[in-house]
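Note sheet for the following structure.
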Amino acid sequence: MLNGKKSLFSGMQATGTLQLGNYLGALKNWVELEDEYETFYCVVDMHSITVRQEPAELRRKARALLTLYIAAGLNPEKNCIYYQSHVPAHAELNWILNCFTYMGELNRMTQFKDKASKNEENINAGLFTYPVLMAADILLFQSDIVPVGDDQKQHIEITRDIAQRFNSIYGDVFTIPEPYIKKTGARIMSLQDPTSKMSKSDENENASIYLLDDTDTIIRKFKRAVTDSDSEIRHSKDKPGISNLIEIYGIATGKSIAETEKEFEGKGYGDFKLAVGEAVATMLKPIQDRFDDLNKDKAYIDGIIKNNAEKAAYFANKTLRKVQKKIGFPEKIK
Ligand code: TRP
């Protein structure tokens, strides 16, 4: 709880480009949470350097992500959208929590094993302790809920374990967070392999629709979407490609599955794919226009960056001071 409200924290890496799945499965739904929760959406640039980054590129992508959040509808006056590296409390709590986390626990993390196998030339200590920094992110804000994808569940589990361990020694310092995984939310699948989720780290560009793709690109990608061999536009388990497109079309137009099936009865895949592409392009256009406008207003975005970092630091430091006191760090002399 913060400010008499439940607290929500989520972090995202700036390294990929946000895609349709991120928008429909996450961002779009977050807009509705801003009144009920005190929300923090952090661009986790400190996590990003666990894998080698090109500096100018990291800086550009971090700013684009922060701007895109606002363009997609998150009001930055109500939602604290900020850079992790601007709030030193993340690093300070990270160190403390390192001392309450076991090597054995970190060794079990599937994401570490996966990333280590993909970066054999740079298996650094930061990659290994990545989940501890993530625990610090979440626990600093006394977060009640953490909206994440399935792949992050194990990280929320270890965060809970670390928090409980700390609380059992020092009393109730941390709120124990719950993962918030929307069950009814859209699960947007890859356009090239409809049995796996659309992912911003997918190397095949045709598999994902990026939020900043232009209309022609969007239509071309939908035209190339992998579908099954018959030609009926029908939602069914054995037609994962067409089912995915029907769902995307439904979200973009507000039409139900039955309405869509009826609309395209007797029509071919080509017509349908074109219609989906146009509908998605129309849905994304206002976000893209807003993104362009925001990019022209450097002072406005700079102001948000500054104010939100201060707001985040205020809440984070409260928790950090409490932790430092509990573990016996000497008080600062004022
Ligand atoms: N590990 C998350 C991811 O790759 C990003 C992240 C960092 C995060 N800190 C977080 C997510 C805190 C939720 C809460 O997607």
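The values are calculated or read from the model by the stated rules, or taken from the named source; none is laboratory data. Just so it is clear, the structure is predicted and the values come from calculations on it, not from any experiment. Because the Cβ atoms are built from the backbone with ideal geometry, glycine has one as well, and the counts that use them run over all protein chains shown. For accessibility, only protein heavy atoms count, side chains too; no ligands or nucleic acids. Shrake-Rupley method; radii C 1.70, N 1.55, O 1.52, S 1.80 Å.
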Top-ranked residue of the stretch 143-158 - restricted to ones that are within 8 Å of the ligand (Cβ to nearest atom) and farther than 15 Å from Ile176 by Cα, ranked as modelled with the highest pLDDT = Gln152
Kindly indicate which of Ile162, Ile138 is open to solvent by less than 30 Å² (accessible area, probe 1.4 Å) and either more than 19 Å from the chain's Cα centre (by Cα) or on the phi > 0 side of the Ramachandran plot (or both).
-> Ile162
Open to solvent by 10 Å² or more (accessible area, probe 1.4 Å), charged (D, E, K, R), touching a Pro at 6+ places or on another chain (Cβ under 9 Å) and away from the ligand (no atom under 14 Å from the Cβ), is that true of Glu120?
-> no
Mind checking which helices (runs of 4 or more DSSP H) fall wholly inside the stretch 21-125 and carry at least 1 residues that are among the polar types (S, T, N, Q) and modelled with pLDDT under 95?
-> 110-118
Residue list for the stretch 165-206, filter: surrounded by 15 or more Cβ atoms within 10 Å (Cβ to Cβ) and within 19 Å of Asp238 (Cα to Cα) = Ala186, Arg187, Ile188, Met189, Ser190, Leu191, Gln192, Asp193, Pro194, Lys197, Met198
Give just the number: which of (1) open to solvent by 10 Å² or more (accessible area, probe 1.4 Å); (2) under 20 Å from Gln84 (Cα atoms); (3) touching a Ser or Thr at 6+ places or on another chain (Cβ under 8 Å) does Gln154 not satisfy?
-> (2)
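So that you can scan it fast, the table gives a plain yes or no per residue for (1) surrounded by fewer than 21 Cβ atoms within 10 Å (Cβ to Cβ); (2) free of Cβ contacts under 8 Å to residues at least 40 places away in the same chain; (3) over 21 Å from Thr217 (Cβ atoms); (4) within 13 Å of the ligand (Cβ to nearest atom):
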{"site": "Met1", "(1), (2), (3), (4)": "yes, no, yes, no"}
{"site": "Leu20", "(1), (2), (3), (4)": "no, no, no, no"}
{"site": "Asn29", "(1), (2), (3), (4)": "yes, no, yes, no"}
{"site": "Thr39", "(1), (2), (3), (4)": "no, no, yes, yes"}
{"site": "Val44", "(1), (2), (3), (4)": "no, no, yes, yes"}
{"site": "Ser48", "(1), (2), (3), (4)": "yes, yes, yes, yes"}
{"site": "Arg52", "(1), (2), (3), (4)": "yes, no, yes, no"}
Any pair with Cβ under 6 angstrom, 6 or more apart, that starts in the stretch 225-253 at a residue that is under 13 Å from Thr195 (Cβ atoms) and ends at one that is modelled with pLDDT of 95 or more and of a type in the set (S, T, N, Q) | Val226/Gln192
Inside the stretch 207-240, the number of residues satisfying the requirement of being surrounded by fewer than 16 Cβ atoms within 10 Å (Cβ to Cβ), assigned to a helix (DSSP H, G or I) and either at pLDDT below 95 or not charged (D, E, K, R) (or both) is 1
Of the listed residues (Phe315, Phe291, Phe272), the one being closer than 30 Å to Leu97 by Cβ and among the aromatic types (Phe, Trp, Tyr) is Phe315
Test: residue in the stretch 57-68 that is within 14 Å of the ligand (Cβ to nearest atom), under 12 Å from the mean Cα position of the chain (by Cα) and open to solvent by less than 30 Å² (accessible area, probe 1.4 Å) | yes
All but one of (1) more than 14 Å from the ligand (Cβ to nearest atom); (2) part of a helix (DSSP H, G or I); (3) within 21 Å of Ala316 (Cβ to Cβ) hold for Val173; which doesn't?
-> (2)
Would you point out the residue of the stretch 214-224, among those that are in contact with a helix residue (DSSP H, G or I) (Cβ under 7 Å, 6 or more places away or on another chain) and free of Cβ contacts under 8 Å to residues at least 60 places away in the same chain, that is farthest from Gly268 (Cα to Cα)?
-> Lys221
